[in-house]
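Asks: Take a look at this one; I'll ask things after.
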Amino acid sequence: MVALIRELSRLPGIGPKSAQRLAFHLFEQPREDIERLSRALLEAKRDLHTCPVCFNITDAERCDVCSDPSRDQGVICVVEEPGDVIAIERSGEYRGLYHVLHGVLSPMNGVGPDKLHIRPLLPRVQEGQEVILATGTTVEGDATALYLQRLLEPLGAVVSRIAYGLPVGGALEYADEVTLGRALAGRQRVSKPPQS
Ligand SMILES: [Zn+2]
């Protein structure tokens, strides 16, 4: 039991008390349930990898979104984490593509552009392509969005930033579907329109 509590408390967001509660809960479950959970954990570790195009998590060669031809190829929504894709998909407001950075720029913590999946985004962006910067509304999320904007504008991308309705300092995946849907719909264009 001590070993189980120790392992559970290593998970993000699980303190010693929650770990203890989970351990006792698991202890009371039937053996089949525990076996199913163990199998799911092992299978996830064996089968899941990042999509080579958008870096979402998938068990297929390419993720569900990238392999769906009915998705709007003209829009790429850039998010911090795979959990953000799930949250936006749940809102049902978005039919475009994604790009998952797997983090935000954080010089204080030694996270520079090379630690994120920024470079593979650039060849995906065509002239006139819309890119929605949907990083969180934290200081780091904003700084990351600004960095990307400066990188993407010279490529001729139409860059927009979500903002409306999202609490400042918020992580996307904790926003409810309605708020997230509105934040996407109310995105503001941040790149200058091309000179005519
Ligand atoms: Zn993908």
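Asks: Tell me, please, whether a residue that is acidic (Asp, Glu), open to solvent by 70 Å² or more (accessible area, probe 1.4 Å), modelled with pLDDT of 95 or more and more than 13 Å from the ligand (Cβ to nearest atom) can be found in region 30-48.
Replies: yes
Asks: A further question follows. Based on what the data block shows, is Leu41 out of contact with any Lys or Arg (no Cβ under 6 Å at 6 or more places or on another chain), more than 21 Å from Leu172 (Cβ to Cβ) and not β-branched (Val, Ile, Thr)?
Replies: For Leu41, the condition - out of contact with any Lys or Arg (no Cβ under 6 Å at 6 or more places or on another chain), more than 21 Å from Leu172 (Cβ to Cβ) and not β-branched (Val, Ile, Thr) - is met.
Asks: Could you please let me know if Val111 is touching a residue at least 24 places away in the same chain (Cβ under 8 Å), within 17 Å of the chain's Cα centre (by Cα) and closer than 22 Å to Ala145 by Cβ?
Replies: no
Asks: Here are some conditions: (1) under 17 Å from Gln188 (Cβ atoms); (2) in contact with a strand residue (DSSP E or B) (Cβ under 9 Å, 6 or more places away or on another chain); (3) assigned to a loop (DSSP other than H, G, I, E, B). Asp142 meets all but one. Which one does it not meet?
Replies: For Asp142, the exception is condition (3).
Asks: Right, next: Inside region 74-108, can you point out the residues that are within 15 Å of Ile57 (Cα to Cα), surrounded by 20 or more Cβ atoms within 10 Å (Cβ to Cβ) and free of Cβ contacts under 8 Å to residues at least 60 places away in the same chain?
Replies: Once the filter is applied, which keeps residues that are within 15 Å of Ile57 (Cα to Cα), surrounded by 20 or more Cβ atoms within 10 Å (Cβ to Cβ) and free of Cβ contacts under 8 Å to residues at least 60 places away in the same chain, region 74-108 yields Pro82, Val85, Leu97, Tyr98, His99, Val100, Leu101.
Asks: Listed residues Asp59, Asp114; which is over 25 Å from Lys192 (Cβ atoms), open to solvent by 80 Å² or more (accessible area, probe 1.4 Å) and within 14 Å of the ligand (Cβ to nearest atom)?
Replies: None of the others qualify; the one that does is Asp59.
The values are calculated or read from the model by the stated rules, or taken from the named source; none is laboratory data. Source: prediction; values computed, not measured. Counting neighbours? That spans all protein chains shown, and the Cβs are built from the backbone with ideal geometry, glycine included. Just so you know, the surface numbers come from the protein's heavy atoms only, side chains and all, with ligands and any DNA or RNA stripped out. Shrake-Rupley method; radii C 1.70, N 1.55, O 1.52, S 1.80 Å.
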